[in-house]
1. Can you list residues whose amide H is under 5 Å from A:Ser332's amide H, if they're 5+ apart or on another chain and H is modeled 1.01 Å from N?
2. Hey, in the GNM for chain A with a 10 angstrom Cα cutoff, which one of A:Thr235, A:Thr176, A:Thr139 fluctuates hardest?
3. Using a Gaussian network model of chain A whose springs link C-alpha atoms within less than 10 Å, name the residue from A:Ile372, A:Ile56, A:Ile217 with the highest mean-square fluctuation.
4. On alpha-carbon atoms, Rg over Rh for the range B:158-236 using Kirkwood Rh?
5. Can you sort A:Arg299, A:Arg227, A:Arg17 by solvent-accessible area, 1.4 Å probe, largest first?
6. Mean-square fluctuation check for chain A, GNM, Cα pairs under 10 Å: which of A:Asp43, A:Asp79, A:Asp406 is largest?
7. What figure, in Å² to the nearest 10, do you get for the accessible area of A:Trp283 with a 1.4 Å probe and non-protein molecules left out?
8. Can you work out ³J(HN,Hα) from phi for every residue in the range A:388-400, in order, using Karplus 6.51 cos²θ - 1.76 cosθ + 1.60 and θ = phi - 60°, giving whole Hz and x for Gly and Pro?
Amino acid sequence: MSSVADKQTTPSSLLDRSDVRVTHASGLVETVNAFKDRVRSGDLGSLPVIVGLVLIWSIFTIINPVFLSANNLVNLLFDCSTVGIIALGIVCVLMLGEIDLSVGSMSGVGSALLGVLWVKQGLPVPLAIGISLCAGALTGLCYAYMRTRFGMPSFVSTLAGLLALLGFQLFLLGSTGSINLPYGSSMVSFGQLLIIPTWLSYVLALVPGLVMMVMGIRVRQKRMAVRLSAKSMTTVLVKPLLLTVLLVVVVGYLNQSRGVPWMFGVFVTLVLGLNYALTKTRWGRCMFAVGGNAEAARRAGINVKRIYVSAFVLCSTLATLGGVFAASRLASASQQAGTADVNLNAIAAAVIGGTSLFGGRGSAWSALLGIIVIQSIANGLTLLNLPSAHRYMITGAVLAIAVIVDSLARQSRLSHGKA
Amino acid sequence: MVTQEASPLAARQPLLSLRKVSKHFGAVAALTEIDLDVYPGEVVALVGDNGAGKSTLVKTIAGAHRPSAGDILFAGQPVEMNGPSDALELGIATVFQDLALCENLDVVANIFLGQELSPFHLNEIDMEVTAWTLLNELAARIPNVRDVVASLSGGQRQTVAIARSLLLNPKIIMLDEPTAALGVAQTAEVLNLVERLKDRGLGVIMISHNMQDVRAVADRIAVLRLGRNNGVFTVDATNEELIGAITGATDNAVSRREKRLADTKQVAGNSQ
């Protein structure tokens, strides 16, 4: 239907199709072919992580079919949300080519503050969470100040922060070392039980596809109105349809067991929010620009310092939020919170998901995809009764593979002139 | 496109005038009593040896340096510039030698960097249309404005940098070594571009070490030497005159080399 409409407008009349040397994809088949070409030239996007995920899930399912059971997947989603939110913050700093090594300790401080303020001091939950988040924001502000005022590499400043925050966490928790959150409280049920109602989960599964379709059609009409090339109607319709089918199937499957956790819903909402901010706002554009070439960004009139502040503050704040969620998931704020592998899992998730360590490349989705990979490995190995020693080694190997794929794709992009 | 009516230079008012502009860095006098006029629709080439003060002058006009003494007049009015943004507001755009583009962003994003339309919901469509309009006015050959800048050639990047400087409708555009890193074809493209800017009625200040490029597009050639004016030439000036002005002597490395070559030829001729 649409391909006819496309052919009616001769290519030369379009503003962006005057160069005859370039081939453009307009129809569905051509779009698929263009995608293949892109992948071949090393512009992989989220493809490696999706392939990896399919591989990991297949292996675990073959070894132990329980892995793919709806009940286990619901648990997986609960576990993803806490570290996933921390990984989301990591995406922000990686985007600038910076790093925050203290997110683990920061999340520990977040959970400790919640425990102390809410359980011990009796403050209302929202206030306790608010103070936790403020502590995170303040820490991020310190890192940004050290980076912009003294030119201190974030690697060092956050390493120092890691120790300082760990000390602060132990100081807060005192001699008892652990504060239990009361069972039956709203926080604990949020972390362990609360599920999006079945009807609402189906409605929410329909929303992304609908929004995508409406936006696609509107963009198409606007582009045609100003003589720019537009995607064919088929392409505009097929993608949202596939997405909707996928989401409904997934939600339906999860609803066979308990359903979609609210906690995961909050996580996905944050991912969507950050994705919008990074791709559709001036702030996001500035993040990419500063990550790609800070000097060019400065000369273009961008306030580079403010961008650094925003990224570090966002990262530390999201880390504390992750810590608060982790406390509600475990029903306790302990000395162990945020230690061990939280730090590296969060960073690994962002990298595995496809955010470059070198800055200027990445997306909010990488936190979601990456954390699902990492938690799948952890979850699958736990089902196999393997000790954590094996889990660490396998996660390390997967991280190495992810970085190798990223480096190879980078080389391929360079040789195809698409760096 | 704006085309300026042809009128004798003297009858028109210069867009930009520098009157006895000096710039000192401590004890070092980088610029001493520089005079320079740029008229609309005119290309002024700024030449001089390394350390002659070209970059300091460009930075002074771009608002990055404040002159220690002297006046800068824009359209006849004396102006005070306290930073690059003041110069931009007046309508003085600068394309730096390193172009300052973000390679990871596409052409549209680079052209609109820092000037994006509707900051809370980027208006990609209008930005793309404006980008195409700017590039088409420059007769630029960019295959796709949604390609990242990393995939463009040197000449195409130069075009993108110039298109970006045109976004705010400047009256004067300064190009710092626009052909330095370019091949033959790309250099020709950039020179065409400079001519088109001139046809649009912009005043162009072009810095270059390449006399051939300078002669190809410039209306006047202003020579700087050791931070002072050392003559303004027309393109009819001979190479000897220009090189003499640049190096400060008729007896210089270039002339000695030419003399030596001529001598060896003569000797070879005599021996036959």
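The values are calculated or read from the model by the stated rules, or taken from the named source; none is laboratory data. All values reported here derive from a predicted model rather than from experimental measurement. Note that each Cβ is placed from the backbone with ideal geometry, even for glycine, and that neighbours are counted across all protein chains shown. Just so you know, the surface numbers come from the protein's heavy atoms only, side chains and all, with ligands and any DNA or RNA stripped out. Shrake-Rupley method; radii C 1.70, N 1.55, O 1.52, S 1.80 Å.
1. Hits under the 5 Å cutoff: A:Leu181.
2. Comparing A:Thr235, A:Thr176, A:Thr139 in the GNM, the peak value goes to A:Thr176.
3. Comparing A:Ile372, A:Ile56, A:Ile217 in a Gaussian network model of chain A, the most mobile one is A:Ile217.
4. Values: Rg = 12.8 Å, Rh = 13.3 Å.
Taking Rg over the Kirkwood Rh, I get 0.96.
5. Working: A:Arg299 85, A:Arg227 125, A:Arg17 60 Å².
Accessible-area ranking of A:Arg299, A:Arg227, A:Arg17, largest first: A:Arg227, A:Arg299, A:Arg17.
6. Looking only at A:Asp43, A:Asp79, A:Asp406, the largest GNM fluctuation is found for A:Asp43.
7. Solvent-accessible area, nearest 10 Å²: 70 Å².
8. Working through the residues one at a time gives 5, 4, 5, 4, 4, 5, 5, 4, x, 4, 5, 4, 4 Hz.
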